[in-house]
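The values are calculated or read from the model by the stated rules, or taken from the named source; none is laboratory data. The structure displayed is predicted, hence computed values, not measured ones. Ideal geometry is used to build each Cβ from the backbone, glycine not excepted, and the neighbour counts take in all protein chains shown. Surface areas here come from the heavy atoms of the whole protein model, side chains and all, with no ligands, DNA or RNA. Shrake-Rupley method; radii C 1.70, N 1.55, O 1.52, S 1.80 Å.
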Amino acid sequence: MVTGSTVVCIGELLIDFVPEENGLPLAEVPLFRKAAGGAPANVAAAVAKLGGASRFIGKIGADPFGQFLRETLVSAKVDPALVETGEARTGLAFVSLRADGERDFLFYRQPAADMLLHSSELQDAWFADAAILHFGGVSLIHEPCRSATLAAAERARRLGALVSYDPNVRMTLWGDDTERARCEMLAPMAHADVVKVSEEEIHFLTGTEDLLQGAHQLLEQGPQVIVATLGAEGSRFITSLADIAVPAPRVNAIDTTGAGDGFVGGLLYQLTQWAIAPVQIGRALADEGFVREIGRFASAVGALTTTRRGAIPALPTREEVERALD
Ligand code: ADP
């Protein structure tokens, strides 16, 4: 029985430095603009921007960038469940946008504050009203934040919340050990209900080029639904019962940063609105009418996020989404 309605996100929170000009390699970008980022924080902000309740659990440095991130969450109406540390600085990521709008990253995390979150720092009150716990793959790379992330997912699940996972494969952060990365990103599948992946991620995680076959391999490991996002081509909701394609609206994309997170935020927001019990989610997401409705909403959030620069500043409000859907 789900009593809460809050989407609780846990993981990395960092500053994205986004170029003012598209199409240049990172070394040639003259000017970057700072924007709050980190995939799970983007998801929390997406839910809040749509009018839902969300919380972000993470660790920031006791420095001006950490302060900026706290203020960004507060002004985005995300409940900031933040631990502050003097042991490391707030993480930074420089992002370069190629001519086609796709992005390259350069991370400053050796280590960054977010990587030092410890499971003993998690507070009961952060989970008490959770309808959904969402986490991503980046906080699974290093200890102690890997254990903290997995402990949060287990705790939320025990309390009856739905668990959502985005492996968010970033090989530059995992280093050279591809096999370790694959194993450690696959392990949480057993504890997740909803998993969002791209086509390339399915290929990486399962070794198969066939999206449907790969999704079924992931379903066997525990999730009830695999949501594959395919950029401008839309998405597919794959359960053991169905494979439903949802098209994306046509937009003028200028920066795809945060599109996947916006999509996940839109999807999780919709799931809290429908208050479906976690055990029912696989069945609900095999219903074509239901998937088309919530998938269209999530796709509009993802698509609108690509029409502005950055991640959090680019997220749409519910009114903007509804206007786009009309
Ligand atoms: P990620 O950022 O995780 O790689 P995608 O780029 O696949 O995720 O984007 C997630 C969703 O956002 C897509 O499934 C789609 O609904 C929407 N979207 C992303 N890029 C575009 C685009 N260029 N045009 C329209 N919709 C898009």
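Three principal axis extents describe the C-alpha atoms of the chain; from largest down they are 48, 44, 42 Å. What is the percent carbon and sulfur in the accessible area of region 276-326, measuring with a 1.4 Å probe over the protein chains and ignoring ligands? Using a 1.4 Å probe with all protein chains present, region 276-326 comes out at 46 percent carbon and sulfur. Computed from point charges on the beta carbon alone (+1 for Lys and Arg, -1 for Asp and Glu), the dipole magnitude for the chain about its Cα centre is near 660 Debye.
Using a ≥ b ≥ c from the Cα gyration tensor of region 51-134 (square roots of the eigenvalues), is it rounded, prolate or oblate, where a/c under 1.5 gives rounded and otherwise the larger of a/b and b/c decides, a/b for prolate? Oblate, since a/c reaches 1.5 and b/c is not below a/b. Scaling against 2.2 N^0.38 Å puts the C-alpha radius of gyration of region 160-308 at 1.00. Within straight-line reach of Lys77, meaning a Cα separation under 19 Å, sit the following lysines at least 8 residues removed in sequence or on another chain: Lys49, Lys59. Of all the C-alpha pairs in region 114-202, what % are more than 24 Å from each other? Taking all Cα-Cα pairs of region 114-202, the fraction more than 24 Å apart is 18 percent.
Mean projected area of the Cα convex hull of region 205-281, taken over all directions, amounts to 6.1 nm².
Rolling a 1.4 angstrom probe over the protein heavy atoms with all chains in place gives the chain an accessible area of 41 Å² per residue. Classified by the C-alpha gyration tensor, region 96-252 has an oblate form. Its axis ratio a/c, with a ≥ b ≥ c, is 1.5 or above, and a/b does not exceed b/c. For region 53-120, the list of trypsin sites (Lys or Arg not before Pro) that fall in a loop by DSSP and count at most 16 other C-beta atoms within 10 angstrom reads Lys77, Arg98. Over the chain, calculate the relative contact order: mean separation of alpha carbon pairs under 8 Å at least 6 apart, over the residue count, as a percent. RCO, the chain: 18 percent. Using the rule -39500 (n - 2.57) for each DSSP H run of four or more residues, divided by the residues of the chain, the 222 nm mean residue ellipticity is -10500 deg cm²/dmol. In loop segments of region 222-299 as defined by DSSP, the trypsin sites (Lys or Arg not before Pro) with at most 15 further C-beta atoms inside 10 Å of their C-beta are Arg250. Other residues whose C-beta falls under 14 angstrom from the C-beta of Leu116 contribute a net charge of -3, scoring Lys and Arg +1 and Asp and Glu -1.
When DSSP beta bridges are restricted to pairs lying wholly in region 6-325, around 40% turn out antiparallel.
Rounded to whole Å, give me the distance from the Cα center of region 57-106 to that of region 29-43. If we compute the Cα centre of each part, the gap is 7 Å. The length gained on full extension between Asp63 and Ala245, counted as 0.36 nm times the residue separation minus their Cα-Cα distance, comes to 61.1 nm.
For the pair Leu26 and Lys77, a Förster radius of 22 Å applied to the C-beta separation gives a FRET efficiency near 0.10, rounded to the nearest 0.05. With 24 Å as the cut-off, how large is the P(r) tail for region 3-95, expressed as percent of Cα-Cα pairs? The proportion of pairs with Cα distances above 24 Å equals 26 percent. Taking GluC sites (Glu not before Pro) across region 175-262, the ones in a DSSP loop with at most 12 further Cβ atoms lying within 10 angstrom of their Cβ are Glu209, Glu220. Grab the other residues whose beta carbon is less than 13 angstrom from that of Ala128, score K and R as +1, D and E as -1, and report the net. Here the count lands on 0. Gain on full extension, evaluated as 0.36 nm per residue between His142 and Leu186 minus their Cα-Cα distance, stands at 14.3 nm.
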